Amino acid sequence: MEAIEKFLKNSTFGTLFTLPFFVSLFFRIFFWGWLVFGTYNLLFGVYCILLAIVSQMETVRSRGMRILFRSVVIVAGSFLILLFVLVFLPSYYDISHYVKRDFKYAVGQLEAVSQAKTTKGFGLWEEIRIQNTTYISPVSITTVELDAMVMIEYLPHSRFIMQYWSKQSAPEH
């Protein structure tokens, strides 16, 4: 148990573990970057839970603070795992569609655009609603006006938008 704790607290392990996560933050506009970002959310959630369970927390003197800290870290890790299951898991069903270039198309009026943001205002993705169906866009679609006719190319399970066009510039499909 002590060896596992040392491994999880190792700064080299932490750096190597988190580096691809931070790199994937800059490449979420690509489908593979989105998958890496989601995978690291899952792995970091599991890492947090393992660290909270295994760690002895010798530096925290108060038993109450150790319990509080463990509880907060376990809840945060559980949230990351839940985020993976609800948001990123459908993307894994789309890997074969992505490789085969088997995209679906939707044409309609842009009804709503909402942005998922972090507490610091960093945009994670946009959710676009067309014909009462919500699609995920890793890039900003603010260039298209609300109520405009758009055509999107998306993956079937996750509804991850690969491309979008205003109706005037859309290719024929």
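The values are calculated or read from the model by the stated rules, or taken from the named source; none is laboratory data. Nothing here was measured: the structure is a model prediction, and the numbers come from that model. Note: ideal-geometry Cβ built from the backbone for every residue, glycine included; neighbour counts use all protein chains shown. When the accessible area is computed, the model is the full protein with side chains, heavy atoms only, and any ligands, DNA or RNA have been set aside. Shrake-Rupley method; radii C 1.70, N 1.55, O 1.52, S 1.80 Å.
So here's what we get for this one:
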quantity: Matching residues, the stretch 106-116, being more than 25 Å from PHE22 (Cα to Cα), at pLDDT below 80 and loosely packed, with under 15 Cβ neighbours inside 10 Å; calculated: GLU111, ALA112
quantity: Of all residues in the stretch 41-81 being among the aliphatic types (A, V, I, L, M) and without any contact (Cβ under 8 Å) to a residue 24 or more places away in the chain, the one that is nearest to PHE27 (Cα to Cα); calculated: VAL75
quantity: Residue count for the stretch 44-76, restricted to those that are over 25 Å from the mean Cα position of the chain (by Cα) and of a type in the set (Gly, Ala, Ser); calculated: 3
quantity: Condition check for GLY38: in contact with a Leu (Cβ under 6 Å, 6 or more places away or on another chain), in contact (Cβ under 8 Å) with a residue 24 or more places away in the chain and in a helix (DSSP H, G or I); calculated: no
quantity: Count - residues of the stretch 139-150 that are modelled with pLDDT under 75 and open to solvent by 50 Å² or more (accessible area, probe 1.4 Å); calculated: 7
quantity: Answer residue from the stretch 58-105, given it is surrounded by fewer than 17 Cβ atoms within 10 Å (Cβ to Cβ), touching a helix residue (DSSP H, G or I) at 6+ places or on another chain (Cβ under 8 Å) and over 17 Å from VAL46 (Cα atoms) and is modelled with the highest pLDDT among those; calculated: ASP102
quantity: Evaluation of VAL36 against (1) farther than 23 Å from ARG159 by Cβ; (2) surrounded by 13 or more Cβ atoms within 10 Å (Cβ to Cβ); (3) at pLDDT 70 or above (one fails), failing number; calculated: (1)
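Here is a yes/no grid of residues against (1) at pLDDT 85 or above; (2) surrounded by 12 or more Cβ atoms within 10 Å (Cβ to Cβ):
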| residue | (1), (2) |
| --- | --- |
| THR118 | no, no |
| PHE122 | no, no |
| TRP125 | no, yes |
| SER137 | no, yes |
| ILE152 | yes, yes |
| SER158 | no, yes |
| TRP165 | no, yes |
| GLN168 | no, no |
| HIS173 | no, no |
